[in-house]
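Report on the following structure.
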Amino acid sequence: MPNSPRIRIFDTTLRDGEQSPGCSMSPQQKLVMARALDELGVDVMETGFPASSQSDREAMAMIAREVRRPTLAVLSRCLAADIETSAKALEAAANPRLHVFLSTSPLHREHKLRMSREQVLESVHKHVSLARSYVGDVEFSAEDATRTEEDFLIEVARVAVAAGATTINLPDTVGFTTPEEIRGMFQRVIAGVPDSDRIIFSAHCHNDLGLAVANSLAAIEGGARQVECTVNGIGERAGNCSLEEIAMVLKVRNAFYDEDTHINTQRIVATSQLLQRLVGMPVQRNKAIVGANAFAHESGIHQHGMLRHRGTYEIMRPEDVGWESSQMVLGRHSGRAAVEQRLRALGFFLYEEELKHVFEQFKALCEQQRVVTDADLQTLMQGSATQNGYRLASMTISDVGSRANALVELSDPDGNRVAETAQGDGPVDALFGALSAATGVQLMLDSYHVHSVGIGADARGEANLSVRHEGVEYEGTGTSRDIIEASALAWLEVANRLLRQRNATAEQPAATAAA
């Protein structure tokens, strides 16, 4: 496999990104995100860890049927049963890749694997060979590569290549390294592997010290031809290398790096915002590229310069990454083509039957209000993208003296009706108590705020809440004409995500992946 003239973007939002606390996705949500990643132009899409859960296997099957352009990868431990399960999950993929990993650092060898160097090498050869017997595209990751003895790392890479690996990934699993160190590591490992020009060397950097993007760029300087990253940089602990940042660095500083990607950068903001809604994790306002303030200028001096020439304080145009200066407003006279175009701009790519269903919902909404905004469309899609879980059937709020009483009726994941009541210091407190009783989910509220979305009399209320469950923070969003109902929808969004995560965790094997 010769080195390509472009840097390959290996997106692992659906696997490593989903491992971020509170960011689990249902198979249907993964499919929605996969369609957006396909339109974004990623070269490789890692969809999950099939041996860990039935949910990941379902997601892979759904994605493989519809997403045919990019390479679809799944992760597997160096275990024969895992590799067999992963290979089976890839059967429907047009361009399958098996991604196998094994720890190589002395710390991991001693305390995690309890294996010697020789045993690690034997396992790498055995399991890469097995993976290659199933598919022609095999990636091997030396977990914790940046804390591995370099002579041994070179030996591991040689063995993996000899066994049939076509991509060698050298991950900075715990975000420990620095740009100078990782640049040199890639240079020396590549130099130490025979016929290395036939192999794609890959960087997978975590952000524990805030260096994931810088380290990925340094790895490119050292010879890496693939960067593993996630949308919005989500991932375990402090996250991963940010896809939008690495793509825009290579685009804006092309004269320096002389490298590019296949990313359609005008799809970046829509893809980022789609992920934020799917997992309930908004990015900070000053986040590079996709934050709300990324192209905002408040200083008078800056504003004066911008009015004279945009280049004084902007190194890229907002429209180059998908920011729009105006918002299209749809109404009862809008046709299906206009609705489809707007949904695509928001990151939703639908097939005919799905579009027909959403358009019917759109027309029904037009009977209730004059205009339908982006926020309304996102609300419609939010329900379509959510796997079956608890759904709000009805609710009643009443005053009981100085306290409030809430009665909620839900439809559970099996379609059964569940009704519960609770009292609280106010309507929202009572509502959340009733929802907790109905679902069996206990959430501690950290913050709660509401605001209006939409235009004029057609505006809706959006509720945003931050809650904690067993020390993990979750974000939820709900939108409705009734702000109390919006609050219930936000609470249920978190509860359903938590229950999906709990079910997936119950299926996981003892060891988990963290390349």
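When the convex hull of the Cα atoms of the range 1-131 is projected onto a plane and the area is averaged over all directions, what value comes out in nm²?
Computing the convex hull of the Cα atoms and averaging its projections yields 9.1 nm².
Angle check, please: helix 27-40 long axis (alpha carbons) against the longest principal axis of the chain (alpha carbons), in degrees 0 to 90, nearest 10.
Between the helix axis and the principal axis of the chain, the angle is about 70 degrees.
What residues have an amide H closer than 5 Å to that of N169, excluding those fewer than 5 places away on the same chain, when H is modeled at 1.01 Å from N in the peptide plane?
Sorted by chain and number, the residues that satisfy this are F140, S141, A142, S202.
Under a 5 Å amide H to amide H cut-off, with H placed in plane at 1.01 Å, what residues pair with S334 once short-range neighbours are removed?
For S334, no residues qualify.
Can you compute 3J(HN,Hα) from phi for each residue in the range 150-159, using the Karplus curve 6.51 cos²θ - 1.76 cosθ + 1.60 with θ = phi - 60°, rounded to whole Hz and x for Gly and Pro?
Working through the residues one at a time gives 5, 5, 6, 4, 4, 5, 4, 4, 4, 5 Hz.
Output wanted: per-residue J couplings in Hz (rounded whole) for the range 127-141, from phi through Karplus 6.51 cos²θ - 1.76 cosθ + 1.60, θ = phi - 60°, x for Gly and Pro.
Taking θ as phi minus 60°, the curve returns 7, 5, 4, 5, 4, 5, 5, 9, 9, x, 10, 10, 10, 10, 10 Hz for the range 127-141.
Stretched out fully, how many nm does the piece from R336 to E409 gain, at 0.36 nm a residue minus the Cα gap?
22.9 nm
I'd like the orientation of helix 212-221 relative to the chain: the angle between its Cα long axis and the longest Cα principal axis, in ° from 0 to 90, rounded to 10.
30 degrees
So how do H127, H449 line up by other beta-carbon neighbours within 10 Å, fewest first?
Taking fewest neighbouring Cβ atoms as first place, the list is H449, H127.
Find the centroid of the Cα atoms in the range 388-443 and in the range 1-52, then give the distance between the two in whole Å.
One Cα centre to the other: 36 Å.
Which value, to two decimals, describes the C-alpha radius of gyration of the chain once divided by 2.2 N^0.38 Å?
After normalising by residue count via 2.2 N^0.38 Å, the value is 1.03.
Compare the peptides 484-496, 185-197 by average per-residue count of other Cβ atoms within 10 angstrom and give them in order, highest first.
484-496, 185-197
Can you tell me the relative contact order of the range 8-279? Whole percent, Cα pairs under 8 Å, sequence separation 6 or more.
20 percent
Over the chain, what is the relative contact order in whole percent, taking alpha-carbon pairs under 8 Å and six or more residues apart?
Dividing the mean separation by the residue count of the chain yields 14 percent.
Mind checking which lysines have their Cα closer than 29 Å to the Cα of K356? Skip sequence neighbours fewer than 8 apart in that chain.
K30
Regarding the range 391-505, what is the average projected area of its C-alpha convex hull, in nm²?
Mean projected area for the range 391-505: 7.7 nm², to one decimal.
I need the peptides 102-111, 9-18 ranked by packing, meaning the mean over residues of other C-beta atoms within 10 angstrom, with the highest value on top.
So the peptides 102-111, 9-18, ranked by packing, come out 9-18, 102-111.
Hey, what do the phi angles of the range 270-283 turn into as Karplus ³J(HN,Hα) couplings, whole Hz, using 6.51/-1.76/1.60 and θ = phi - 60°, x for Gly and Pro?
The phi angles translate into 4, 5, 4, 5, 4, 4, 4, 6, 5, 9, x, 10, x, 8 Hz.
Using alpha carbons only, how many angstrom separate the centre of the range 57-76 from the centre of the range 205-238?
Between the Cα centre of the range 57-76 and that of the range 205-238, the gap is 23 Å.
Please list, ordered by chain and number, the residues whose modelled amide H lies under 5 Å from the amide H of H206; skip anything fewer than 5 residues away on the same chain.
Counting only residues 5 or more places away or on other chains, the set is D172, G175.
What would the Debye formula give as log10 I(q)/I(0) at q = 0.15, 0.18 Å⁻¹ for the alpha-carbon point model of the range 330-383, no solvent?
For the requested q values the scattering log ratios are -0.33, -0.49.
What is the sum of charges around D446, taking Lys and Arg as +1, Asp and Glu as -1, for the other residues whose C-beta is under 11 Å from the C-beta of D446?
With Lys, Arg at +1 and Asp, Glu at -1, the neighbours total -1.
Which whole-number percent gives the relative contact order of the range 330-383, counting Cα pairs below 8 Å spaced six or more residues apart?
So the answer I get is 47 percent.
Around A64, what is the net charge, scoring Lys/Arg as +1 and Asp/Glu as -1 over all other residues with Cβ under 15 Å from its Cβ?
Net of charged neighbours comes to +2.
Quick check: Cα centre of the range 141-167 to Cα centre of the range 244-261, how many Å?
Cα centroid of the range 141-167 versus Cα centroid of the range 244-261: 27 Å apart.
Over the range 8-279, what per residue volume does the convex hull of the Cα atoms give, in whole Å³?
113 Å³
Values quoted throughout were computed directly from the atomic coordinates according to the rules given, and no laboratory measurement underlies them. Because the structure is predicted, anything quoted here is derived from the model rather than measured. Positions of Cβ are backbone-derived with ideal geometry, glycine not excepted, and every protein chain shown enters the neighbour counts.
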